[in-house]
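A.B. asks: This is the structure I want to talk about, given as structure tokens.
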Amino acid sequence: MILTEDKTYSISLVIEDENETGLGSETVELEFTNKELLHAILTCGMPVQRLSQAYMDKRKMEILYKIFLAETALDAEGDRLKKSPRTMYLDSSEKSVISYYLGMFFTKLLSEKLYGIDYLTHLNTIEKIQGEGFMDYFSGKWRPDMIGYKVCDDSWSVWEAKGGSNRRAPALKIGCEQAGDIKYVNGKCPDPAAVCMTYYDHSYLTAIIKKTKSQEGTALEIAERGFWESYYSGIRQMFLEYGNTTRWAYGNVEITIDLPYYHDRERETVKRFITMGIPEAIFQKIMKEDYIGILQMEDRAFEGCEDGRYIGGDKIYIR
């Protein structure tokens, strides 16, 4: 798979409701483009980003690594993605790392495609109210990976990401317990609370989303600044590191991300790139680390869209 090639893919997706029996399951064929997947990969924050302070090229290395993992793990066959034979010689622990990353990427992609979740960020990257550290502690045994926000109805969601070679019922059960451990987010019941698992069925990438109901668990309070800083601080660092490629266009700010061809020897000396853009109003806010009121910023990302860009619910676009 080469993520910079304009292409539409499809994935078989099972949707189950833990609280239903028999009638609570459906299978759908979901289409997505390479740009939608790139958007999910580039905007998916990982807990590892907390291990060090920002330094020059930190985000560049992270981007190169995430895209390398996706292109290494998956091959395209028509509009389907398959498990690549390139990973066969890896140690099981190395395969687990790849599966974890793929699980996170596709949870972000599928949550937006199916449920309109505009923002999805890892819980362990959200700072508590008044700078009291990060959201690490929970009263229950489990904790989910990600918290989502949907703008149109001001709703919150809870997501646990799982990835592996096979569909594993015990992991789905644990994922439901993890997602169900959050009873309220800012006073509202999560909609949905779900586990998303990616796995291979006869070598083809497949996914299942299993929804659950929140049990007696944590009432989570997330400060506005903490949530938006978690989501946009990584984007801010990207724009800082790629500052020499910045350009202004139609009220948006864009950067160019150069990539190597990882597995194509005939093109390994050829440059390829991704363009990422964001409305200038949001760009100016995040550059000042002023994350309050971001949702009220003017949206200019939809101007000049004849170039086939993909615009996420977070107003960040890829072309």
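A.B. asks: Among Lys288, Lys66, Lys35, which one shows the biggest mean-square fluctuation in a GNM of the chain, springs joining Cα atoms closer than 10 Å?
C.D. replies: It is Lys288.
A.B. asks: Rounded to the nearest 500 deg cm²/dmol, what is the calculated helix-only ellipticity per residue at 222 nm for the chain, with -39500 (n - 2.57) per DSSP H run of length n ≥ 4?
C.D. replies: Per the formula, -9000 deg cm²/dmol.
A.B. asks: Right, another one. Within 10 Å, at most 14 other Cβ atoms, and a DSSP state outside H, G, I, E, B define an exposed site. Report the longest part of the chain free of exposed GluC sites (Glu not before Pro).
C.D. replies: Of all site-free stretches, the longest is 21-131.
A.B. asks: For the chain, what's the radius of gyration and Dmax over Cα atoms, in angstrom?
C.D. replies: In order Rg, Dmax, the Cα atoms of the chain give 19.1, 57 Å.
A.B. asks: Using amide H atoms built 1.01 Å from N in the peptide plane, name the residues 5+ places from Val253, or on other chains, whose amide H lies under 5 Å from its own.
C.D. replies: Ile278, Glu280
A.B. asks: Any idea what diffusion coefficient the range 177-319 gets from Stokes-Einstein, in µm²/s, Kirkwood Rh on alpha carbon pairs, 25 °C, 0.890 mPa s?
C.D. replies: It diffuses with D of about 133 µm²/s by this estimate.
A.B. asks: Taking amide hydrogens as modeled 1.01 Å from N in the peptide plane, which residues meet the under 5 Å criterion relative to Tyr9, leaving out close sequence neighbours?
C.D. replies: Excluding prolines and chain starts, which carry no amide H, the hits are Phe32, Thr33, Asn34.
A.B. asks: Output wanted: per-residue J couplings in Hz (rounded whole) for the range 75-92, from phi through Karplus 6.51 cos²θ - 1.76 cosθ + 1.60, θ = phi - 60°, x for Gly and Pro.
C.D. replies: Couplings: 10, 9, 10, x, 9, 9, 9, 10, 5, 7, x, 4, 8, 4, 7, 6, 5, 4 Hz.
A.B. asks: Out of the total accessible area of the chain (probe 1.4 Å, heavy atoms of protein only), what percent is carbon and sulfur?
C.D. replies: 50
A.B. asks: Using DSSP to define loop residues, name the trypsin sites (Lys or Arg not before Pro) in the range 242-271 whose beta-carbon has at most 16 other beta-carbon atoms within 10 Å.
C.D. replies: Those that pass, being in a loop and sparsely packed, are Lys271.
A.B. asks: Follow-up. Taking only protein heavy atoms and a 1.4 Å probe, what accessible area per residue, in Å², does the chain have with all protein chains in place? Numbers along the way, then the final one.
C.D. replies: Details: 14450 Å² over 319 residues.
Per residue, the chain has 45 Å² of solvent-accessible surface.
A.B. asks: ³J(HN,Hα) across the range 241-250 via Karplus (A = 6.51, B = -1.76, C = 1.60, θ = phi - 60°), whole Hz, x for Gly/Pro?
C.D. replies: Those phi angles translate into 6, 9, x, 6, 10, 5, 9, 9, 8, 6 Hz.
A.B. asks: How long are the three semi-axes of the equivalent ellipsoid of the range 62-110, in whole Å, if each is the root of 5 times an eigenvalue of the C-alpha gyration tensor, listed from largest down? Spell out each step's value before the answer.
C.D. replies: Working: eigenvalues 52, 46, 21 Å².
For the range 62-110, the ellipsoid semi-axes come out as 16, 15, 10 Å.
A.B. asks: Moving to a separate point now. Below 8 Å between Cα atoms, with a sequence gap of 6+, how large is the relative contact order for the range 168-310 in percent?
C.D. replies: 17
A.B. asks: When a/c reaches 1.5 or more, the comparison of a/b and b/c decides; with that in mind, is the range 192-254 rounded, prolate or oblate per its Cα gyration tensor?
C.D. replies: Oblate is the answer for the range 192-254, as a/c is 1.5 or above yet b/c matches or exceeds a/b.
A.B. asks: Now a separate question. Under a point-charge model restricted to the Cβ atoms of Lys and Arg (+1) and Asp and Glu (-1), what is the dipole moment magnitude of the chain relative to its Cα centre, in debye to the nearest 20?
C.D. replies: Dipole about the Cα centre, nearest 20: 660 debye.
The values are calculated or read from the model by the stated rules, or taken from the named source; none is laboratory data. Just so it is clear, the structure is predicted and the values come from calculations on it, not from any experiment. Every residue, glycine among them, receives a Cβ derived from its backbone with ideal geometry; neighbour counts consider all protein chains shown. Quick note on the areas: whole protein, heavy atoms, side chains included, nothing else; ligands and nucleic acids left out. Shrake-Rupley method; radii C 1.70, N 1.55, O 1.52, S 1.80 Å.
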